[in-house]
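To start, the structure itself, in structure tokens.
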Amino acid sequence: MEKQNYFTVDEANQQIPWLRVRLREIISLGKNIKRLRLQLDNILRVGSSNGHTDIDQDVSNHRKEIGGAMERLRNLVLDINTSGMILKDIEMGLVDFPTIREDREVYLCWHLGEASTQFWHETDVGFSGRQPLV
């Protein structure tokens, strides 16, 4: 079994600039994938309703673009999770950092838009159970 990677508050805060870049790209990719899927659905719907069969290249291009964006998104999520952090919510940019507090494992909790790590929560509670660090 792999050794658990624990973060101090300072170590978590040092990761925030790195996380911001990746999370902004993840959010942008998510929006782009959603847009491309809507366009693909529209292409398929219009093409099938008017009898056109010349949509194959457009469909193929959209599927390739979606596939590439999905692969990049998976790699970014993997980068975060393999570094010991836990990406909890892509749209919110919510990340937990395992830590030890009062001799037990808990999570430091941060999300995109916060200046620094200021909250923690029990491992079985989540965002709604956040408590201030002070």
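Every number here is computed from the coordinates shown, using simple stated rules; none is lab data. These numbers were taken from a predicted model, which means no experiment stands behind them. All Cβ positions, glycine included, derive from the backbone under ideal geometry; neighbour counts span all protein chains shown.
Using 7 Å Cα-to-Cβ label points, what is the R72/E25 separation (nm, one decimal)?
Modelled inter-label distance: 0.8 nm.
Would you work out which of S83, W18, Q118 lies farthest towards the positive end of the dipole of the chain, given +1 charges on the beta-carbon of Lys and Arg and -1 on that of Asp and Glu, about the Cα centre?
The one lying farthest along the dipole's positive direction is W18.
Under 17 Å from the Cα of K34, which aspartates and glutamates turn up, not counting those fewer than eight places away in the same chain?
E25, D58, E65, E71, D89, E91
Going by amide H atoms built from the backbone, whose H comes under 5 Å of the H on F7, apart from near neighbours?
Those lying under 5 Å, H to H, from F7 are T99, I100.
Treating the angle as unsigned and between 0 and 90°, give the value, to the nearest 10°, between the Cα long axis of helix 56-82 and the longest Cα principal axis of the chain.
Approximately 10 degrees, to the nearest 10.
By how many nm would the segment from S116 to K64 lengthen if fully extended, with 0.36 nm per residue of separation less the alpha-carbon distance?
15.0 nm
How large is the charge dipole for the chain, taken about the Cα centre, if only the Cβ atoms of Lys, Arg (+1) and Asp, Glu (-1) carry charge, to the nearest 20 debye?
440 debye
Considering the chain as a Gaussian network with a 10 Å cut-off on Cα pairs, which listed residue, T117, T82, T99, attains the greatest mean-square fluctuation?
Sorting by GNM fluctuation, first place goes to T82.
Using 7 Å Cα-to-Cβ label points, what is the W18/Y6 separation (nm, one decimal)?
2.0 nm
How long, wide and thick is the range 9-116, going by the Cα atoms along their three principal axes, in whole angstroms, largest first?
Projected onto the principal axes, the Cα atoms of the range 9-116 cover 67, 23, 18 Å.
Per residue of the range 23-39, what does 6.51 cos²θ - 1.76 cosθ + 1.60 with θ = phi - 60° give for ³J(HN,Hα)? Whole Hz please, x for Gly and Pro, Karplus curve as stated.
So the J values, rounded to whole Hz, are 5, 5, 5, 4, 5, 4, 4, x, 5, 5, 4, 4, 4, 5, 5, 5, 4.
Can you list the residues, at least 5 places off or on another chain, whose amide H is less than 5 Å from the amide H of D89, using H built in the peptide plane?
It is L94, by chain and number.
What is the percent of Cα-Cα separations in the range 52-113 that go past 16 Å?
Cα-Cα pairs of the range 52-113 separated by over 16 Å account for 62 percent.
Quick one: net charge around N32, please, counting Lys, Arg +1 and Asp, Glu -1 for every other residue with C-beta under 12 Å from its C-beta.
The answer is +3.
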